[in-house]
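Asks: Once you've had a glance at the structure underneath, I'll fire off some questions.
The values are calculated or read from the model by the stated rules, or taken from the named source; none is laboratory data. It should be emphasised that the depicted structure is a prediction, and the values quoted were computed from it without experimental measurement. A quick note on method: Cβ atoms are made from the backbone with ideal geometry, for glycine too, and the neighbour counts reach across all protein chains shown.
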Amino acid sequence: MSAHATYQPRNAFMRWLERRLPIGGLVYSSFVVYPTPRNLNYWWTFGGILTFMLAVQILTGIVLAMHYMPHVDYAFDSVEHIMRDVNYGWLLRYAHANGASMFFLAAYIHVFRGMYYGSYKEPREVLWILGVIILILMIMTGFMGYVLPWGQMSFWAATVITNLFSAIPVVGEAIVTWLWGGYAVGEPTLNRFYALHYLLPFVIVGVVGLHIWALHVAGQNNPDGIEPQSEHDTVAFTPYATIKDSFLIIVFCLLFAWFVFYIPNFLGHPDNYIPANRSVTPAHIVPEWYYLPFYAILRAIPNKLLGVIALAASLVVLFFLPWLDTSRVRSARYRPVYRQFFWAFVVVCIGLGWLGSKPPEGNYVLFARIFTVYYFAYFLIILPVLGRVERTKPLPTSIAQAVLGTGLPIGAPAPPPSAHKA
Amino acid sequence: MAFRRSIILALALAALALPALAQEPAHEETPPKNRWSFAGPFGKYDEAQLQRGFKVYREVCSVCHGIKMLAFRNLADPGGPGFSTAQAEAIAAEYKVQDGPNDQGEMFERPGRLADYFPAPFPNDQAARARFNAVPPDFSVIAKARGYERGFPYWVFDMLTQYQEHGVDYITALMQGYEDKPPAGVTVPPGGFYNKYFPAHAIAMPPPLSDKRVDYTDGAPTTVEQYAKDISSFLMWAAEPSLEQRKRVGMQVFIFLVILAGLLYFTKKKVWREVELHPEDLQPRPPAEYPRTP
C-alpha cells in the first residue's frame, strides 16, 4: 500500500511521549491515515457498530454488577431492586438485555456481509477465524448472562444446555456434575456463571483487538473483492470512514432505543419474570432468539449425541470456510450462481430460527431437517464444488474503475485475482 | 436481475414451509386487546384507574396474593397511583408489620411505615399450600410474567406498533373468562374451575370478582369488566413502576438521536462530496494539521 504519512506531533508533550511510547503514532496510522477502500458500502459499518455495542454491554454490565447479587435466593429480587430502586436501573438493565440482542443482530449481519463479499478469503483467513472465535465467545457470554436473573427460563435454559454435555460417552455425566458444581443447577452454578459472565467480555475485548490488528495488516475487503492498487482506490480512515461509521452507529442506536424505551420486554420471554423453580418445568423451554437456529439444528437430529455434534459442527464448520470456498473470486457481485445459494442460505438460517421457536413435532421437525441438511451442504458440498464450476463475471481492473466506470471497458476479460497484486 | 431471481428462490422456499404453518394446532381462545392509557410512546398511567385497581387488590386479591416488592412509599411515587405521602402513610398504618427482635429478643408487630413492603398473606409457601393446596403467585411482576403467543406474522406488527400489553390483556381476559359449564367434552378436575383463557382451562382459583363486589367512589361502573381492567392496570404499574419515566426519557433520546443522525448524515455527505467531485485527487490524505513526510 501507499507510504503512510508519519505522525509528527506539534504538541511538545506528545513529541516527548512519542519518543518513549509511540501510542499517538499507532492511533494515527491505524485510525487516521489508514487507507480504506473508497467503494465500501454501509454493510461495512457493522464492525464499528459491534465495537460500540461491546462497549455499551461492558459499561452497563459493570454498573449492573455493582447492584446484582449472584445468589439463588437473592438474584431474582436483586434484579427487581435494580429495576425499582437504583437510579436509572431500569435503563441499565433494559439497555444491557436488549443490547445483547442488538449485539447479536449486528454480529450476524457482519458475518453474512463477510460471506457475501468473500471477506474470509486469502489473505484474511486469520481475520475470519478470529471473528468466529469472537462469535463463539459471544454465544457463551450471552448464555451465561441469561442465567443470571434466575427466572424460570434462566434456570431451565441452564439445565437444558449444560445437560447437552451428558451426551458425551463415558465422561459426560461427570462433566455435567463438574459444570454444575453439584448434582443439579444450583448456587455453585449461578456463582461460576456470574464469574465467567464478567470475565468473558474482557476476553472478547482481547480477541477483538487481534481481529482489528489482523484487519489492519490485511486491509479491508470491499464490495468488489479486489485489492486496492493505488491511492486512487482508497480514502483515509479519518474523516471518510469515521463519519460514515458514526452516522450508522447513531441510526443503529435508533433501533436500539426503540426496544429499550418502548418495547423492552418484547424479545424476552414472560416466564423469565417467574422466579426459578426446580419443581415446575415451563411448557416450552425456548432460548433467546439469537440461539434459535442452533437450537433447531440440535433438535432436528433424533439422536442426542449426534444432535450435540451437529450443533457444535454448525459453528466449527465456519473455521474452515476460507478453505471450503474454492472460488478465487471473492465478491458475490461477480459470482451470479453463488449469490443465489448465498441468499438461500440466509433464508435457511432465518427459517431455522423460526423452527427453533416451534415445538419439535410434525412438519416442524421435517423442515428443520431439510434446512439443517442445506446448512451443512452449503459449506461442505456447494461451496467447494461451485468454486470449480462457476462461470464468474469479469472483475474490474481496479476499484477506481469499478466506481467511476473508467479505465478498461467493462466486460473486458479480467486478469486472475493474483495479477492485481502487481 | 440475479437479485430478483434470489428473491423468487427465497419466496419458493418460504412457500415450501407453508404446509408446516397450516399444521399449527387450532389456537386457544385469544385474549381481546384493550385500549390502555399506558400503551404507546406517550403512554401514562391513569391515576384514578390505578387507585381503583389498588382498591380491588386490597379488598379481593390480597387475601391470597402477596405483592412483596411493592413498598408503601411507592404509592406516592411519581408516575404511580398519585397518592400523597400522607395518604400513603395512612394506608401503611392500616397494616400490621412484623418487626424485631426488640431489646428483649422478641419479635413484635407494629403499624406499617412508608419504608415497609406490603406484608405477605402467608408466612411461607407451606402455609399457603396447607390452606389452598397451591401457592397463589406473588403479584409484584405478574403483569410481565404472563402473556400469550401472537405468532408470526403478528409479532412483527406488534414490534412496529409497540404492542407490549400481552400480559395485562391476558389478565383482564382471565378475570372474565370463567364459565359455569365447561363446553361439551371438557372435564375439569375436582377443585378446578373452567376458564377459557387459562392454559389447559382448569384453574385452581375460584372466580375472584363479581359485580358490585368492590365499592367505587369515583362513579366508575362496579362491573367485573371494569374491575378486571382496573386490577390489570394496577398490576402493570406494580410490575413496571418506571414506565412513565422510561417513555418520557425515550422520547427525549429519540429526538436527540434523530437530530444527531441528521447532522451526521449531512456532514458525511459534505465530507464525501470531495471524493465524488474530484476522484483523481484521491489520496489517503492526512488532516491538515499534520504535515506529510516526503
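Asks: Test of understanding: among A:Arg84, A:Arg124, A:Arg93, which residue is within 24 Å of the chain's Cα centre (by Cα), farther than 26 Å from A:Tyr42 by Cβ and either touching a residue at least 24 places away in the same chain (Cβ under 8 Å) or buried (at least 17 other Cβ atoms within 10 Å of the Cβ) (or both)?
Replies: Among A:Arg84, A:Arg124, A:Arg93, only A:Arg93 is within 24 Å of the chain's Cα centre (by Cα), farther than 26 Å from A:Tyr42 by Cβ and either touching a residue at least 24 places away in the same chain (Cβ under 8 Å) or buried (at least 17 other Cβ atoms within 10 Å of the Cβ) (or both).
Asks: Continuing with this model, one more query. Could you pull out the residue among B:Glu240, B:Glu244, B:Glu225 that is of a type in the set (D, E, K, R), farther than 30 Å from A:Val86 by Cβ, modelled with pLDDT of 95 or more and under 22 Å from the mean Cα position of the chain (by Cα)?
Replies: Result of the check over B:Glu240, B:Glu244, B:Glu225: B:Glu225.
Asks: Follow-up. Conditions: (1) assigned to a loop (DSSP other than H, G, I, E, B); (2) more than 22 Å from B:Arg52 (Cβ to Cβ). B:Ala128 meets all but one. Number of the miss?
Replies: Tallying (1) assigned to a loop (DSSP other than H, G, I, E, B); (2) more than 22 Å from B:Arg52 (Cβ to Cβ), B:Ala128 fails exactly one: (1).
Asks: If you don't mind, another one. A:Ala283: away from chain B (no Cβ under 11 Å), without any contact (Cβ under 8 Å) to a residue 12 or more places away in the chain and surrounded by fewer than 18 Cβ atoms within 10 Å (Cβ to Cβ), yes or no?
Replies: no
Asks: Something else about it: Hey, A:Pro264 hits all of (1) surrounded by fewer than 21 Cβ atoms within 10 Å (Cβ to Cβ); (2) modelled with pLDDT of 95 or more; (3) assigned to a loop (DSSP other than H, G, I, E, B) but one; which does it fall short on?
Replies: (1)
Asks: Within the bounds of segment A:81-100, is there any residue that is at pLDDT 95 or above, hydroxyl-bearing (Ser, Thr, Tyr) and not in a loop (DSSP other than H, G, I, E, B)?
Replies: yes
Asks: Which residue pairs have Cβ atoms closer than 6 Å, lie 6 or more positions apart in sequence or on different chains, and pair a first residue in segment B:117-132 that is in contact (Cβ under 8 Å) with a residue 12 or more places away in the chain with a second residue that is among the β-branched types (Val, Ile, Thr) and assigned to a loop (DSSP other than H, G, I, E, B)?
Replies: B:Phe118/B:Ile67; B:Ala128/B:Val135
Asks: So, of the residues in segment A:358-381 that are crowded, with 18+ Cβ neighbours inside 10 Å and under 23 Å from the mean Cα position of the chain (by Cα), which turns out to be farthest from A:Gln340 (Cα to Cα)?
Replies: Top of the filtered list is A:Ala368.
Asks: Can I ask one more? When you look at B:Ala92, is it touching a Gly at 6+ places or on another chain (Cβ under 6 Å), crowded, with 16+ Cβ neighbours inside 10 Å and either within 14 Å of chain A (Cβ to nearest Cβ) or not β-branched (Val, Ile, Thr) (or both), yes or no?
Replies: Yes: the conditions hold for B:Ala92.
Asks: Would you pick out the residues in segment B:182-200 that are within 14 Å of another protein chain (Cβ to nearest Cβ) and free of Cβ contacts under 8 Å to residues at least 40 places away in the same chain?
Replies: B:Phe198, B:Ala200
Asks: Criterion first (on the phi < 0 side of the Ramachandran plot, in the same structural domain as B:Phe139 (by TED's automatic domain parsing) and not in a helix (DSSP H, G or I)) does B:Ser210 satisfy it?
Replies: Spelling it out, B:Ser210 is indeed on the phi < 0 side of the Ramachandran plot, in the same structural domain as B:Phe139 (by TED's automatic domain parsing) and not in a helix (DSSP H, G or I).
Asks: Among the candidates B:Glu179, B:Glu165, B:Glu149, single out the residue that is charged (D, E, K, R) and away from every other protein chain (no Cβ under 14 Å).
Replies: Only one candidate passes the filter, namely B:Glu179.
Asks: Moving on. Among residues belonging to segment A:32-49 that are surrounded by 15 or more Cβ atoms within 10 Å (Cβ to Cβ), assigned to a helix (DSSP H, G or I) and not small (Gly, Ala, Ser), point out the one that is farthest from the other protein chains (Cβ to nearest Cβ).
Replies: A:Phe46
Asks: Being of a type in the set (A, V, I, L, M, F, W, C) and surrounded by 19 or more Cβ atoms within 10 Å (Cβ to Cβ) is the filter; apply it to segment A:311-339 and report the residue that is farthest from A:Tyr364 (Cα to Cα).
Replies: Going through the qualifying residues, I end up with A:Val329.
Asks: Out of segment A:219-253, which residues are farther than 16 Å from A:Tyr42 by Cβ, in contact with a Lys or Arg (Cβ under 7 Å, 6 or more places away or on another chain) and part of a helix (DSSP H, G or I)?
Replies: Residue satisfying the conditions is A:Asp233 alone.
Asks: Further question: Under 9 Å by Cβ, and 6 or more places apart or on different chains, what pairs join a residue from segment A:345-356 that is within 10 Å of another protein chain (Cβ to nearest Cβ) with one that is charged (D, E, K, R)?
Replies: A:Leu355/A:Arg299
One line per residue, one yes/no per condition, for (1) under 21 Å from B:Ala145 (Cα atoms); (2) surrounded by 13 or more Cβ atoms within 10 Å (Cβ to Cβ):
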{"site": "B:Ala200", "(1), (2)": "yes, no"}
{"site": "B:Asp211", "(1), (2)": "no, no"}
{"site": "B:Thr223", "(1), (2)": "no, yes"}
{"site": "B:Leu243", "(1), (2)": "yes, yes"}
{"site": "B:Arg246", "(1), (2)": "yes, yes"}
{"site": "B:Glu274", "(1), (2)": "no, yes"}
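Asks: Just a yes or no: is a residue in segment A:226-243 away from every other protein chain (no Cβ under 14 Å) and either in contact (Cβ under 8 Å) with a residue 12 or more places away in the chain or among the small types (Gly, Ala, Ser) (or both)?
Replies: Yes, segment A:226-243 contains at least one residue that is away from every other protein chain (no Cβ under 14 Å) and either in contact (Cβ under 8 Å) with a residue 12 or more places away in the chain or among the small types (Gly, Ala, Ser) (or both).
Asks: Further question on the same structure: Looking at (1) small (Gly, Ala, Ser); (2) exposed (fewer than 12 other Cβ atoms within 10 Å of the Cβ); (3) under 29 Å from the mean Cα position of the chain (by Cα), can you tell me which one B:Gly79 breaks?
Replies: With respect to (1) small (Gly, Ala, Ser); (2) exposed (fewer than 12 other Cβ atoms within 10 Å of the Cβ); (3) under 29 Å from the mean Cα position of the chain (by Cα), B:Gly79 is out only on (2).
Asks: Here's a follow-up. Just to check your reading of the model, which residue among A:Val203, A:Val176, A:Val207 is more than 19 Å from the chain's Cα centre (by Cα) and part of a helix (DSSP H, G or I)?
Replies: The match here is A:Val176.
Asks: Sticking with this one: Please work out which one of (1) closer than 12 Å to B:Phe139 by Cβ; (2) in contact with a Leu (Cβ under 9 Å, 6 or more places away or on another chain); (3) within 14 Å of chain A (Cβ to nearest Cβ) is the condition B:Gly66 fails and give its number.
Replies: The one condition B:Gly66 does not meet is (2).
Asks: Would it be correct to say that B:Asp138 is in contact (Cβ under 8 Å) with a residue 40 or more places away in the chain, among the acidic types (Asp, Glu) and assigned to a loop (DSSP other than H, G, I, E, B)?
Replies: When the stated conditions are applied, B:Asp138 passes them.
Asks: What number goes with the only condition from (1) farther than 30 Å from B:Ala143 by Cβ; (2) within 14 Å of chain B (Cβ to nearest Cβ); (3) touching a Phe, Trp or Tyr at 6+ places or on another chain (Cβ under 8 Å); (4) modelled with pLDDT of 95 or more that A:Leu179 does not pass?
Replies: The number of the failed condition is (2).
Asks: Moving on to the next point. Hey, can you tell me all the residues within segment A:70-119 that are touching a Ser or Thr at 6+ places or on another chain (Cβ under 6 Å), within 11 Å of another protein chain (Cβ to nearest Cβ) and aromatic (Phe, Trp, Tyr)?
Replies: Once the filter is applied, which keeps residues that are touching a Ser or Thr at 6+ places or on another chain (Cβ under 6 Å), within 11 Å of another protein chain (Cβ to nearest Cβ) and aromatic (Phe, Trp, Tyr), segment A:70-119 yields only A:Trp90.
Asks: Go through the residues of segment B:151-173 one by one and say whether even a single one is at pLDDT 90 or above, more than 22 Å from A:Pro264 (Cβ to Cβ), in a helix (DSSP H, G or I) and assigned by TED's automatic domain parsing to the domain that holds B:Leu209.
Replies: Looking for residues that are at pLDDT 90 or above, more than 22 Å from A:Pro264 (Cβ to Cβ), in a helix (DSSP H, G or I) and assigned by TED's automatic domain parsing to the domain that holds B:Leu209, one finds at least one in segment B:151-173, hence yes.
Asks: Among the residues of segment A:244-261, which ones are more than 7 Å from every other protein chain (Cβ to nearest Cβ), more than 20 Å from the chain's Cα centre (by Cα) and either surrounded by fewer than 22 Cβ atoms within 10 Å (Cβ to Cβ) or of a type in the set (Lys, Arg) (or both)?
Replies: A:Trp258
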